[in-house]
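Here's the structure, in structure tokens; my notes come after.
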Amino acid sequence: MTTTANTAAADQGRQDTTGPAVVVRDLRQHYGDFEAVKGVSFEIRPGELFALLGTNGAGKTTTIETMEGFRRPSSGSVRVFGLDPHGQPSGVRERTNAVLQGSGLLDDLSVDETIGLAHDLAANPRDTAELLDLVGLSDKGGVAVRQLSGGQKRRLDLALALVTRPEVLYLDEPTTGMDPEARHETWQIISGLKKHGVAILLTTHYLEEAERLADRLAIMHRGEVRVEGTLASVLAGWGDRVSFLLPEDVRTGDLPELPEAEIAVETRDQALWATYTAMGGDVADRAHRTVAALIAWAAERGITLQHLQVRGASLEDVFLRVADGAADLLTD
Amino acid sequence: MTTTAAAPERSRPTISRTKQVLRLTRTEFTLFVRYKTAWMFLFLPLFLAFVTLQLPNDEVIPGFGAAELAMIASMGTIGLILGVGHPSNVFTARRESLVLKRFRVSGVPQSVIFGAVIGVVVLFSLVIAALVVGLVFATSGGTLPRDPLMLVVAVILSGVMYSLMGLLVTPFVRNAEAAQMAAMVPMMILLFTGGGVIPLEFLPETARQVMTFVPSVPAGEMAQAAYTGYDAFGGFGSAEEKGYLGLWVSALPSLGVLLAWIAVLTLLVRRYFRWDPRQP
């Protein structure tokens, strides 16, 4: 797979930073009595990747389908380049493309026939050989689509989405089924698209993917956005973790209470571990403040904090707490 | 809060829909040839044309017996079998496998996607019609259509109409197998009411009048008129031989019925066709 970024939008010199390409405002979608999406708002600017995360059934795909123009909002609005995408007016459909959650390929065609068709149907297509090289399928041109592996089909999906030089790209779990190497190469392709000004919406269950690629992200749960912001701001809101092995002669009740830090004790490998989650607005200093207090406490008692670890919250921590409903408590 | 999105549209290259339809029709042709089930829709109209050879062939108008007229009328059912059978089957399968959605998110307009499958149905309908003409030619002692243009128009319009009908089957079924079964309902009803299986001459006048509005009747009658040069639109009982213009004037009501059905079905397809396998 060629790892250099592509020429997606650069050929047309369409770096545009004048405003958001996609604006979603208080989007709601009802199916009868069931409300699948409950007032979702976000925007995506050219050159920005917005990751929409969430559990299965959180409303992500319904949101994307509305942005793609397949569903009319029950209320609220979606605008792509200032236009309502419902029904896919030409001002929208010629400037957007997508990798769908499922492949959507014609199994009876070969790889060359598939990309050739997409090329011939596009107004200003990219070169097919270049695209197949980009996604690492150059040697599969004559192979029938039905004979491709799941990961190879995903790579072909990505190539098809790039044929039309989209300015807005919806990526619905684009690396599902890919091996780690192909996934990393796909991330490089996506990073290249960002650099060339493409506005990207990404959904994924691989949180590392969102951490690597997202400029901003939102975590949806039961139709609502529970957490939103840049990766740094999202993680900052969930505290820094300071963990150590609980000394044998220290009971749980002996652990000191520290300002703006929550204590949790858990069993790992048949040993008790204490974890302090340092909260507070002093994001840059709070881990130091907590560690310093713990070191002082340990020195006072003449004990050593074994396996002392300091780490920030991971996206997985945040995601799991949102999925568990903990976010209900934190955001209410 | 940002209230409007930016990024004014730049001048992007465009591609004509005609070019897109022709290109996608080429792929539809390839897919049709590779999809063995589709071949059944080619053989069935030919089989029905052969079946008419078993009918008594008493002369109805000079040069044409009842069997030959039934065979000619069967050309109106080519589009029925191909058009209702093929698009309903493959478009349901493609909807479920996200192929249709893939086309849409790539910016391919609805009209191009529909136009291509209609194009391949019309193309194969014309091929089968040509074979049936050869059959009539052989059995009638070398008679060719008097008005080939009208015959072609009848085959094309019926192909378009029935393809739209086939597309309209897809929203009501969840998979290709169900689509095949569901398509049999309109196919069988229209096959029996089209005049190819039960000649309309045997029906009472009132029933005949009503039947002229059934989608399957006008194409068969236009085929008969086009082939024989007789005004077949009121039955052959008092049919007269017409000139070129006279025949087209007589065909106007049938053309109108076909075009009206095409218009109605187009609206219904636009309104009810589903691109997404997910049920709301």
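The values are calculated or read from the model by the stated rules, or taken from the named source; none is laboratory data. Everything quoted here is computed from the prediction, not taken from an experiment. Every residue, glycine as well, gets a Cβ built from its backbone with ideal geometry; the counts of neighbours run over all protein chains shown.
General remarks:
- Matching residues, the stretch A:71-118, being part of a helix (DSSP H, G or I), touching a Phe, Trp or Tyr at 6+ places or on another chain (Cβ under 8 Å) and not β-branched (Val, Ile, Thr): A:Gly91
- Selection status of B:Leu80, in contact with a Gly (Cβ under 8 Å, 6 or more places away or on another chain) and crowded, with 20+ Cβ neighbours inside 10 Å: yes
- Scanning the stretch B:187-209 finds one or more residues that are under 30 Å from B:Arg278 (Cβ atoms), assigned to a helix (DSSP H, G or I) and under 20 Å from the mean Cα position of the chain (by Cα).
- Test: A:Ala58 is buried (at least 17 other Cβ atoms within 10 Å of the Cβ), more than 10 Å from chain B (Cβ to nearest Cβ), out of contact with any Pro (no Cβ under 8 Å at 6 or more places or on another chain) and part of a strand (DSSP E or B): no
- The residues listed here are B:Val90, B:Val136, B:Val117, B:Val108; of these, the one that is more than 17 Å from the chain's Cα centre (by Cα), touching a residue at least 12 places away in the same chain (Cβ under 8 Å) and within 14 Å of chain A (Cβ to nearest Cβ) is B:Val108.
- If the condition is being surrounded by 20 or more Cβ atoms within 10 Å (Cβ to Cβ) and not β-branched (Val, Ile, Thr), then the stretch B:124-139 contributes B:Phe124, B:Ser125, B:Ala129.
- Candidates B:Arg102, B:Arg146: the one that is assigned to a helix (DSSP H, G or I) and either charged (D, E, K, R) or modelled with pLDDT under 95 (or both) is B:Arg102.
- Candidates A:Glu228, A:Glu262 - the one that is within 30 Å of A:Trp297 (Cβ to Cβ) and in contact with a strand residue (DSSP E or B) (Cβ under 6 Å, 6 or more places away or on another chain): A:Glu262
- Condition check for B:Leu69: on the phi < 0 side of the Ramachandran plot and surrounded by fewer than 24 Cβ atoms within 10 Å (Cβ to Cβ): no
- Scope the stretch A:136-149; condition under 27 Å from B:Asp276 (Cα atoms) and out of contact with any Ser or Thr (no Cβ under 7 Å at 6 or more places or on another chain); matching residues: A:Arg146, A:Gln147, A:Leu148, A:Ser149
- Close Cβ contacts (under 7 Å, 6 or more residues apart or on different chains) running from residues in the stretch A:179-203 that are closer than 19 Å to A:Gly151 by Cβ and modelled with pLDDT of 95 or more to residues that are small (Gly, Ala, Ser) and in a strand (DSSP E or B) comprise A:Leu202/A:Ala51.
Yes or no, residue by residue, for (1) within 14 Å of another protein chain (Cβ to nearest Cβ); (2) farther than 25 Å from B:Val173 by Cα:
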site: B:Ser16; (1), (2): yes, yes
site: B:Leu24; (1), (2): yes, no
site: B:Val33; (1), (2): yes, no
site: B:Thr37; (1), (2): yes, no
site: B:Ile72; (1), (2): no, yes
site: B:Ile78; (1), (2): no, no
site: B:Gly83; (1), (2): no, no
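- Across the stretch A:16-49, the number of residues qualifying as of a type outside the set (Lys, Arg) and either within 16 Å of A:Thr96 (Cα to Cα) or outside any strand (DSSP E or B) (or both) comes to 17.
- B:Ile15 being within 19 Å of the chain's Cα centre (by Cα) and of a type outside the set (Phe, Trp, Tyr): no
- Residue count, the stretch A:104-121 (criterion: within 7 Å of another protein chain (Cβ to nearest Cβ) and of a type in the set (Gly, Ala, Ser)): 2
- Top-ranked residue of the stretch A:130-165 - restricted to ones that are among the aliphatic types (A, V, I, L, M), assigned to a helix (DSSP H, G or I) and away from chain B (no Cβ under 14 Å), ranked as surrounded by the fewest Cβ atoms within 10 Å (Cβ to Cβ): A:Leu132
- Filter result for the condition that a residue is more than 21 Å from A:Ala323 (Cβ to Cβ) and among the basic types (Lys, Arg), over A:Arg226, A:Arg241, A:Arg216, A:Arg289: A:Arg289
- Single residue of the stretch A:77-90 satisfying the filter (surrounded by 17 or more Cβ atoms within 10 Å (Cβ to Cβ) and not hydrophobic (A, V, I, L, M, F, W, C)) that is farthest from the other protein chains (Cβ to nearest Cβ): A:Pro85
- Residues in the stretch A:255-270 that are surrounded by 12 or more Cβ atoms within 10 Å (Cβ to Cβ) and more than 33 Å from the chain's Cα centre (by Cα): A:Leu255, A:Pro256, A:Leu258.
- Qualifying residues in the stretch A:301-328 (those that are in a strand (DSSP E or B) and surrounded by 15 or more Cβ atoms within 10 Å (Cβ to Cβ)) - the one modelled with the highest pLDDT: A:Val310
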